[in-house]
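Only the coordinates and a few stated rules stand behind these numbers; no lab work does. Computed from a predicted structure; not experimentally measured. Here Cβ is always computed from backbone atoms with ideal geometry, including for glycine, and neighbour counts include all displayed protein chains.
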Amino acid sequence: MNPTAEQLTDWDKRYVWHAFTQMACYEPLIIESAEGCELIDIEGRRLLDGVSSMWCNVHGHRHPKLDQAVKDQLDKVAHVTNLGCSNSTAILLAKRLAEITPGDLNHSFFCSDGASALEVAIKLAFQYWHQCDNPRPKKTTYIGFEDAYHGDTIGTISVGGVDQFNAVFKPLMFPVHRLPIPDRRVPDEASACTYHLRILEESLEKHHEAIAALVIEPLVLGAAGMIVQPPGYLRGVRELTKKYNVLMIADEVAVGLGRTGTMFACQQEEVVPDILCLGKGLSGGYLPMSAAIATTEIWNAYLGEFSEAKQLCHGHTFGGNPLGSAVALATIDLFDEEKTLKQLPPKVARITEHLAKLKKHPHVGDVRQRGMIAAVEIVRDKVTGEHFPWTERHGHQVCQFALKHGVWIRPLGDVLVIMPPLSVSLEQIDQLCEVIGAGIDAVTKGKDASR
Ligand SMILES: *Cc1c(COP(=O)(O)O)cnc(C)c1O
């Protein structure tokens, strides 16, 4: 007999330990099925998936082509190890990634989660300096950014910097050079790019001999609150890292796969990083699948006689899993078949129109957007940008409102995130943005806007 909704709710609270969740006050939302851009919960409620199931979904849920790709692969084999062994689907995916990524990013190391792809990248860069043609073994540290997010393993929280999440783990973390968020608004839009590049160059000047790599989320820092970088910054980072002989690791786990309007965010500033990390949308959000893709320069440093022991001693059990590879290949194919990127401009423009309206609200501070990523910041005071006390959870309250009105979104504090699957329709964008506007109205009603 199938369990009742009540039983599932009870068991979810009791047996499942949810990510980033205070289980003592957790209220379950339990999804039973999905269709396109909508999730359907155990009560049969239909909810627009306003955050792409946390950056993952690209072409919609239960896309017939993606479903078929998994089914076809199931008829062959579900799992093959990649330790000294291969499978034809992962090979095709690696070749495809080499073709679609910029420059000579030609060598894919497959993992399952974004964090594990970043861990590999961090280690690849480190060992590279021990065995490249001109070794620099003193390069043992990294440059990262305040409030950057690269995952939750010890290595990734060391290079990332969301202090609020990680304060307790400080003693476990390795030290890195942490730069302020390259926010397009700081100190102002006209000088932000030069300003932040100068900060980077000062750090590189002083420390480059000790720095193995810089790790960056290109164009948009996601978990930091969808902070948009000034135009030209990413290109500048690439030029400076080259100048100071520091590797560049681009974390495109969130912004990759079309999210910013191009297949990869780096392409918007014609940047080729030394290592490109993908995850989340790589499998269309279907299965755990991630990759750290390295240039031939890095790959070559790891080649040698067996006795030289130059190989990377690192692996993940499910890396290159054929089911994940099959759906990743199909996801990339769909970009061609459905002309996904070509369909985006009107959707991006529609979001822009809504943001312009939302920005007029007395309790909306900044609104920001890069392609299909957008955010709306709730503030107490529009002029000073002062926030409400975080314990009042205005962002969360708007999300609760949205849930009652058929839209599922998640906040980053008081920042509301607009990030639907790329296959979203214009009508669904309207629905999503209108519910957010109504939610902000409802939650801030009667509050003094000029305090
Ligand atoms: C989500 C995310 C990660 C971590 O990916 P997981 O699959 O959750 O481990 C890393 N970097 C960025 C930019 C992300 O958004």
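Sequentially through the stretch 46-60, phi angles give Karplus couplings (6.51, -1.76, 1.60; θ = phi - 60°) of 9, 10, 5, 7, x, 10, 6, 6, 6, 6, 7, 6, 10, 9, x Hz, Gly and Pro residues having no value and appearing as x. Dividing the C-alpha radius of gyration of the stretch 37-98 by 2.2 N^0.38 Å, with N its residue count, gives 1.51. Remark: the stretch 14-27, residue by residue, has Karplus-estimated 3J(HN,Hα) of 8, 10, 9, 9, 7, 5, 6, 10, 6, 5, 5, 10, 6, 10 Hz, where x stands for each Gly or Pro and the curve is 6.51 cos²θ - 1.76 cosθ + 1.60 at θ = phi - 60°.
Let's test the formula: R0 of 51 Å, r as the Cβ-Cβ distance of Thr194 and Ala24. What FRET efficiency results, to the nearest 0.05?
The computed FRET efficiency comes out at 0.60.
When you filter the chymotrypsin sites (Phe, Trp or Tyr not before Pro) in the stretch 23-130 for DSSP loop state and at most 14 other Cβ atoms inside 10 Å of their Cβ, you are left with Tyr26.
Among the trypsin sites (Lys or Arg not before Pro) within the stretch 50-146, which fall in a DSSP loop and have no more than 13 other Cβ atoms within 10 Å of their own Cβ?
Arg62, Lys76, Lys138
Pairs over the 20 Å Cα-Cα cut-off, from the set Lys280/Lys310; Lys242/Lys280; Lys95/Lys242; Lys382/Lys447: Lys280/Lys310; Lys242/Lys280; Lys95/Lys242. Rounded to whole numbers, the Karplus 3J(HN,Hα) couplings from phi for the stretch 91-99 are 4, 4, 5, 4, 5, 4, 5, 4, 6 Hz, using 6.51 cos²θ - 1.76 cosθ + 1.60 with θ = phi - 60°, and x at Gly and Pro.
When shorter helices are ignored and each DSSP H run of at least 4 residues is given -39500 (n - 2.57), the per-residue value for the chain at 222 nm works out to -11500 deg cm²/dmol.
On full extension, the segment bounded by Thr9 and Arg96 gains 27.1 nm, given 0.36 nm per residue less the C-alpha separation. Think of the stretch 7-142 as a dipole: +1 on every Lys or Arg Cβ, -1 on every Asp or Glu Cβ, centred on the Cα centre; then among Val80, Leu92, Ala125, Ala125 lies furthest on the positive end.
Place a +1 charge on the Cβ of each Lys and Arg in the stretch 162-219 and a -1 charge on the Cβ of each Asp and Glu, then give the dipole magnitude about the Cα centre in debye, rounded to the nearest 20. Numbers along the way, then the final one.
Details: 6 positive and 9 negative charges, 36 e Å.
It comes to approximately 180 debye.
Bridging of Lys71 to lysines at a Cα separation below 17 Å is possible for none of them, once same-chain residues fewer than 8 apart are set aside.
Say R0 is 30 Å: what FRET efficiency, to the nearest 0.05, do Gln267 and Arg62 get from their beta-carbon distance?
E between Gln267 and Arg62, to the nearest 0.05, is 0.55.
Based on Cα contacts under 8 Å between residues 6+ apart, the chain shows a relative contact order of 20 percent. Label positions at Arg45 and Ser86, each projected 7 Å from the Cα along the C-beta direction, are separated by 4.9 nm. Only one residue of Thr141, Pro389, Leu416 has its Cα farthest out toward the positive end of the dipole of the chain, where Lys and Arg carry +1 and Asp and Glu -1 on Cβ, and that residue is Pro389. On the principal axes of its alpha-carbon atoms, the stretch 370-431 has extents of 36, 27, 15 Å, going from largest to smallest. Using the Stokes-Einstein relation with a Kirkwood hydrodynamic radius computed over Cα pairs, the translational diffusion coefficient of the stretch 67-337 at 10 °C and a viscosity of 1.306 mPa s comes to 84 µm²/s. Would you mind working out the magnitude of the charge dipole of the stretch 1-95 relative to its Cα centre, with +1 at each Lys and Arg C-beta and -1 at each Asp and Glu C-beta, to the nearest 20 Debye? Dipole magnitude for the stretch 1-95 comes out near 480 debye. At an R0 of 41 angstrom, the distance between the Cβ atoms of Lys206 and Asn106 translates into a FRET efficiency of 0.75. Might you report the magnitude of the Cβ-based charge dipole of the chain about its Cα centre, with Lys and Arg at +1 and Asp and Glu at -1, to the nearest 20 debye? Result for the chain is approximately 460 debye, rounded to the nearest 20.
Choose one of Ala167, His196, Leu355: the residue whose Cα lies farthest towards the positive end of the charge dipole of the chain (beta-carbon charges +1 Lys, Arg; -1 Asp, Glu; about the Cα centre). Ranked along the dipole, the leading option is His196. Between the stretch 6-82 and the stretch 94-173, the C-alpha centres lie 28 angstrom from each other.
Anisotropy class assigned to the stretch 191-316 is oblate, per the alpha carbon gyration tensor with a/c at or over the 1.5 cut-off and a/b no larger than b/c. Full extension of the chain segment joining Glu297 with Leu426 gains 42.1 nm, where the gain is 0.36 nm per residue of separation less the Cα-Cα distance. Bridge orientation summary for the stretch 67-337: considering DSSP beta bridges with both residues in this region, about 50 percent are antiparallel. Neighbour counts of other Cβ atoms within 10 Å put Asp147, Asp75 in the fewest-to-most order Asp75, Asp147.
Could you work out the longest stretch of the chain that avoids the GluC sites (Glu not before Pro) located in DSSP loops with at most 12 other Cβ atoms within 10 Å?
Free of exposed loop sites, the longest segment is 44-188.
Amide hydrogen proximity for Cys111: with H placed 1.01 Å from N in the peptide plane, the residues at 5 or more positions away or on another chain lying under 5 Å are Ser290, Ala291, Ala292, Gly320.
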